[in-house]
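The values are calculated or read from the model by the stated rules, or taken from the named source; none is laboratory data. Only a predicted model underlies this, so the values are computations on that prediction, with no experimental measurement involved. Positions of Cβ are backbone-derived with ideal geometry, glycine not excepted, and every protein chain shown enters the neighbour counts.
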Amino acid sequence: MNVLILGSGGREHAMAWKIAQSNLLTKLFIAPGNAGTKEVGTNLEINQTDFEAIKKVVLENNIKLVIVGPEDPLVKGVHDFFLNDTELKNIPVIGPQKYAAQLEGSKEFAKEFMVRHNIPTAAYESFTTENLEAGHKFLETLTPPYVLKADGLAAGKGVLILNDLQEAKDELTEMLANKKFGAASSKVVIEEFLTGIELSCFVLTDGKSYVTLPSAKDYKRIGEGDKGLNTGGMGAVSPVPFLTDELMKKIENQVIKPTIDGFQKDNIRYVGFVFIGLILDKGEIKVIEYNCRMGDPETEVVIPRIESDFLELLIAAGNKELHSKTIEFKKESACTVMLVSGGYPEAYEKGKEILGLNNVENSIPFHAGTTTNSNGKVVTNGGRVIAITSYGDNFNEALKQSYKNIKKINFEGMNFRTDIGFDL
Ligand SMILES: Nc1ncnc2c1ncn2[C@@H]1O[C@H](COP(=O)(O)OP(=O)(O)O)[C@@H](O)[C@H]1O
Ligand SMILES: [Mg+2]
């Protein structure tokens, strides 16, 4: 079978790396891909949201399965585009249709879904410019810190957590009346603040059945001790060491099952990944958010821990036959450490030659923001550049291995966190 993966990050490289190992694969294409995906498949130079261009390559290359990595094409309706096209409608797309992608694309949609299906989450109210005053009044009834969330996609910047009431009121005005995040903040969800430790769960579903993938915990801030600016993610570990079987059962019963049942009750035909962001406080679980795709860099530890044929699972999901499959994990832990460009997550330069990748031993370098320049050299092409994934008997052993290999890699301005897993 010929397969296409849409996207260009570490997540897509990790998926491509795993799918390339499947006996069910004939040819693998990645669009647009990066310097790493080129090693395991064929990169296609098209934009991941140019649906007509996607159609052309799918037909030209006899592609029979499409896996959508990032949220953007899903929220824009790539799956719906396939279903509405006579030549594409029988080609399965892994990733939900536009309506269901609102689980990620609209915080309010997700909250309403959780409330409707009794899935534990923080109490909330949502506001628009029309009831801005009511929003200010609502803030007065809460105790700090105040959690303000732009309803729509805001590139990971749309959530503000503020300690001061006046500041929270001003920010609410900024978001609603002055469109701080553009159309994404024309609605704002104000939430109860939750304390606890965050972790993520991932499921692959065909809308009825599901398999639960390995759990993971990621590290979002640029600085050591998880301080400083938010990033796309600086590292991750899997499994989450404190996630006991008992706790996993609880998550399964209180969150995963009601979510999949909720799709059925709401007549949502969901095929794809559900990323569930959770917070755990004194044994109590609450959902922080859903994403309609895998996380990055969590994928770079979750996928390597899957023993089963991943493509077989994806094909089954696409054919709505996931009930006939089980998933096996590797016993080892995995970790990943992200190498980022100097200055990231603020302004940074691209095009720096990456040295030493060939010297890496017993780790897997998953390319995130890389490309091949006109001289055939692998160079940086984004803020997050390469995720160095390793296995170990526990996450500490895995981390040691990643840090050992990172010493062999260099590019101008290279930065990374030395404390991934510090809180575990
Ligand atoms: N109700 C809440 N209480 C405490 N922290 C929260 C709450 N909601 C979100 N956060 C924090 O903000 C981060 C981002 O929020 P999230 O809903 O995941 O939005 P997004 O990932 O779309 O930016 C979370 O990972 C968590 O650390
Ligand atoms: Mg989040």
(request) Run down PHE193, PHE181 and say which single residue is surrounded by fewer than 18 Cβ atoms within 10 Å (Cβ to Cβ), within 16 Å of ligand 2 (Cβ to nearest atom) and among the aromatic types (Phe, Trp, Tyr). (result) PHE193
(message) Quick check on my filter: what residues within the stretch 121-142 are of a type in the set (Ser, Thr, Tyr) and free of Cβ contacts under 8 Å to residues at least 12 places away in the same chain?
(response) THR141
(request) Hey, can you tell me all the residues within the stretch 44-69 that are outside any helix (DSSP H, G or I), β-branched (Val, Ile, Thr) and over 22 Å from the mean Cα position of the chain (by Cα)? (result) ILE63
(request) Determine whether THR231 is within 16 Å of ligand 2 (Cβ to nearest atom) and polar (S, T, N, Q). (result) yes
(request) Test ILE303 against the stated conditions and say whether it is within 16 Å of ligand 1 (Cβ to nearest atom) and either part of a strand (DSSP E or B) or surrounded by 21 or more Cβ atoms within 10 Å (Cβ to Cβ) (or both). (result) no
(request) Look through SER333, SER308 and report the one residue that is out of contact with any strand residue (DSSP E or B) (no Cβ under 6 Å at 6 or more places or on another chain) and either crowded, with 23+ Cβ neighbours inside 10 Å or free of Cβ contacts under 8 Å to residues at least 60 places away in the same chain (or both). (result) SER308
(request) Tally the residues that are within 21 Å of PHE109 (Cα to Cα) and either among the basic types (Lys, Arg) or more than 11 Å from ligand 1 (Cβ to nearest atom) (or both), restricting the search to the stretch 158-176. (result) 3
(request) Give the residue, chosen from THR86, THR37, that is touching a strand residue (DSSP E or B) at 6+ places or on another chain (Cβ under 6 Å) and among the hydroxyl-bearing types (Ser, Thr, Tyr). (result) THR37
(message) I need the full set of residues from the stretch 379-394 which are surrounded by fewer than 24 Cβ atoms within 10 Å (Cβ to Cβ) and hydrophobic (A, V, I, L, M, F, W, C), in order please.
(response) VAL379
(request) Consider ALA155 carefully, then state whether it is surrounded by 15 or more Cβ atoms within 10 Å (Cβ to Cβ), farther than 26 Å from ILE251 by Cα, of a type in the set (A, V, I, L, M) and within 14 Å of ligand 1 (Cβ to nearest atom). (result) no
(request) May I ask you to say which residue of ASP170, ASP226 is on the phi < 0 side of the Ramachandran plot and either modelled with pLDDT of 95 or more or under 20 Å from the mean Cα position of the chain (by Cα) (or both)? (result) ASP170
(message) For the stretch 91-120: of the residues being touching a Lys or Arg at 6+ places or on another chain (Cβ under 9 Å) and without any contact (Cβ under 8 Å) to a residue 40 or more places away in the chain, which is surrounded by the fewest Cβ atoms within 10 Å (Cβ to Cβ)?
(response) LYS98
(request) Output the qualifying pairs, or none if there are none: Cβ atoms under 7 angstrom, residues six or more apart or on different chains, first residue in the stretch 63-79 and among the basic types (Lys, Arg), second residue part of a loop (DSSP other than H, G, I, E, B). (result) LYS64/MET1; LYS64/ILE91; LYS76/THR49
(request) Output the residues belonging to the stretch 121-143 that are farther than 12 Å from VAL189 by Cα, within 16 Å of ligand 1 (Cβ to nearest atom) and exposed (fewer than 15 other Cβ atoms within 10 Å of the Cβ). (result) THR141, THR143
(request) Might you let me know whether the stretch 307-316 holds any residue that is more than 30 Å from LEU88 (Cβ to Cβ), over 16 Å from the mean Cα position of the chain (by Cα), hydroxyl-bearing (Ser, Thr, Tyr) and part of a loop (DSSP other than H, G, I, E, B)? (result) no
(request) Evaluate the following for LEU172: is it part of a loop (DSSP other than H, G, I, E, B) and touching a residue at least 12 places away in the same chain (Cβ under 8 Å)? (result) no
(message) Residues that are within 28 Å of GLY10 (Cβ to Cβ): list the helices (runs of 4 or more DSSP H) wholly contained in the stretch 70-148 that include at least 3 such residues.
(response) 71-75, 78-83, 98-105, 107-116
(request) Could you tell me which residue of the stretch 196-210 is surrounded by the most Cβ atoms within 10 Å (Cβ to Cβ), considering only residues that are within 26 Å of GLY69 (Cα to Cα) and among the β-branched types (Val, Ile, Thr)? (result) THR205
